[in-house]
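What follows is a short report on a single structure.
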Amino acid sequence: MWSVVSAGELPAKERFDWFADLVTREVMPTALTAERPADFQAEAAVLDLEAVRVARFSFSPLRSRRTPALIRRGDPEQYQLGLIRRGATVLSQHRNDCSVGVGDLVFWDTSRPSFAAMPDDAGPVQLTMLQLPRTILPLRSQRIDRLLGSRISGGHGLGAVLVSFLDSLDGHAGQCRPDDLPRLGSVVVDLVAACLAQNLDDEDQLPAEARARTLIQRIHTFVDAHLGDPDLTPAAVAAVHHVSVRSLHQLFRTYGDGETVQARIRRRRLERCRDDLARPELLGRPVQAIAARWGFSGPAVFSRAFRASYGISPTEFRALIVKDARAGRKTGPTSPS
């Protein structure tokens, strides 16, 4: 699903100009400069989700300036939001200046002048960038403008939920069917809107449906973070998110892709157990210890659930993984039924 291109396939003297042209064509016309263009390295990947586009960039430090003349030359009329995965960046836009590092989010508008610089001593930059049409966010532009050129934390609140979803998208988009991608794009839009609204203290302005879809993503993130807790139940999930159990079940019936709360908890626990059983460094860990680590109440309960989902017992699965590893193959069940 990701379309990947790399400057590594080009002669060294052409790599910086190639990347500058790529940014102009695929992101926006921008004046780029680098301290050592002869040593420049870059890679890019794009995932089209219909409503939005997700781009991954890895590149040597540089400076970027978007001037009024470049805006007149070409403007996609987008809001763009970047997640810094490596390195650091300084951004200036709309009378705001911010410094962002690993795990931070930063927000800008292609229709306004901006300046960004990546310090050489911070090393190469890895960036996940969302490209969103200006008209797609259900928030007033006058309010959104307050966040331009601002750092948004990716470590707590809805920023952390958005980062978690982007991590999942980064790792699993290749397993999606083409008709899943527009729905994923809608989730991205909802999460970005909710994250911005939270930072503006303006969450009441979001449509009710967007708030509901955002809430279920928050619940998914919470569940994944607490799978090891044997007391993780629908009642516990509802209490933490300040909704009734009945409302929680209704939310999952409407937005849960046919999966109940308990079914999601069970599936995610089984997936974590399966992953641990397949890890070579954990071959000496007893099966029951792995089951307990991910919240199963006992080995018998875990064994029944594992066999019901994968068709074999946990012990048989681990033996199959070992056998295939010795034979140089990679196989075994990959997802619960």
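Values quoted throughout were computed directly from the atomic coordinates according to the rules given, and no laboratory measurement underlies them. Just so it is clear, the model here is predicted, and its values are computed rather than measured. Here Cβ is always computed from backbone atoms with ideal geometry, including for glycine, and neighbour counts include all displayed protein chains.
Okay, here's what the table says:
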{"read-out": "For segment 226-243, Karplus couplings with θ = phi - 60° (6.51, -1.76, 1.60), whole Hz, Gly/Pro x", "value": "10, 4, x, 7, x, 8, 6, 10, x, 5, 5, 4, 4, 5, 4, 9, 6, 10"}
{"read-out": "Quarter of the Cα convex hull surface for segment 103-261, i.e. its orientation-mean projected area (nm²)", "value": "11.5"}
{"read-out": "Net +/- balance of residues flanking I265 in space, Cβ distance below 13 Å, scoring K and R +1, D and E -1", "value": "+1"}
{"read-out": "Angle in degrees between helix 261-277 and the longest Cα principal axis of the chain, rounded to the nearest 10", "value": "90"}
{"read-out": "Geometric extent, Cα atoms of segment 194-300 - Rg, Dmax (angstrom)", "value": "16.6, 53"}
{"read-out": "Pairs of alpha carbons in segment 166-245 whose separation is greater than 14 Å (percent)", "value": "70"}
{"read-out": "Projected area, mean over directions - segment 269-326, Cα convex hull, nm²", "value": "3.5"}
{"read-out": "Positive minus negative residues near A160 (Lys, Arg vs Asp, Glu; Cβ under 12 Å)", "value": "-2"}
{"read-out": "Contact order relative to length of the chain, as percent, for alpha carbon pairs under 8 angstrom and 6 or more apart", "value": "12"}
{"read-out": "Length released on extending from A31 to D48, taking residue separation times 0.36 nm less the Cα-Cα span", "value": "3.6 nm"}
{"read-out": "Square roots of 5 times each gyration tensor eigenvalue, C-alpha, segment 207-257, largest first, Å", "value": "19, 12, 9"}
{"read-out": "Selection from V100, I144, V245, by position along the positive dipole direction of the chain (Cβ)", "value": "V245"}
{"read-out": "Segment 1-71 and segment 225-255: distance between their alpha carbon centers, rounded to Å", "value": "42"}
{"read-out": "Compactness relative to 2.2 N^0.38 Å, alpha carbon Rg of segment 3-225", "value": "1.00"}
{"read-out": "About the Cα centre, charge dipole magnitude for segment 3-225 (Lys/Arg +1, Asp/Glu -1 at Cβ), debye", "value": "480"}
{"read-out": "Gaussian network model of the chain, Cα within-10 Å springs - most flexible of L251, L83, L191", "value": "L251"}
{"read-out": "Computed FRET value (nearest 0.05) for V5 with E77, which takes r as the C-beta separation and R₀ as 25 Å", "value": "0.55"}
{"read-out": "Size of charge dipole - segment 269-326 - debye, nearest 20, with Cβ of Lys, Arg +1 and Asp, Glu -1, no other charges", "value": "80"}
{"read-out": "Kirkwood hydrodynamic radius over Cα pairs of segment 89-192, then Stokes diffusion coefficient at 10 °C and 1.306 mPa s, in µm²/s", "value": "104"}
{"read-out": "Full-stretch length increase - R177, V90 - with 0.36 nm per residue and alpha-carbon distance subtracted", "value": "27.6 nm"}
{"read-out": "On Cα atoms only, tilt of 208-225 relative to the major axis of the chain in degrees", "value": "60"}
{"read-out": "Gap separating the Cα centres of segment 190-208 and segment 280-302, nearest whole Å", "value": "40"}
{"read-out": "S313 paired with Q205, simple spin-label distance in nm, labels 7 Å along Cα-to-beta-carbon", "value": "6.0"}
{"read-out": "Among S58, S92, S309, residue whose mean-square fluctuation peaks in a GNM of the chain (springs only between Cα atoms under 10 Å)", "value": "S309"}
{"read-out": "The chain - mean residue ellipticity at 222 nm from DSSP helices (-39,500 (n - 2.57) per run, n ≥ 4, rounded to 500)", "value": "-13000 deg cm²/dmol"}
{"read-out": "Per residue Cα convex hull volume in Å³ - calculated over segment 1-68", "value": "85"}
{"read-out": "Phi-based couplings in Hz for segment 32-47 (Karplus 6.51, -1.76, 1.60; Gly and Pro marked x)", "value": "9, 9, 9, 5, 10, x, 5, 9, 5, 10, 7, 8, 9, 9, 10, 10"}
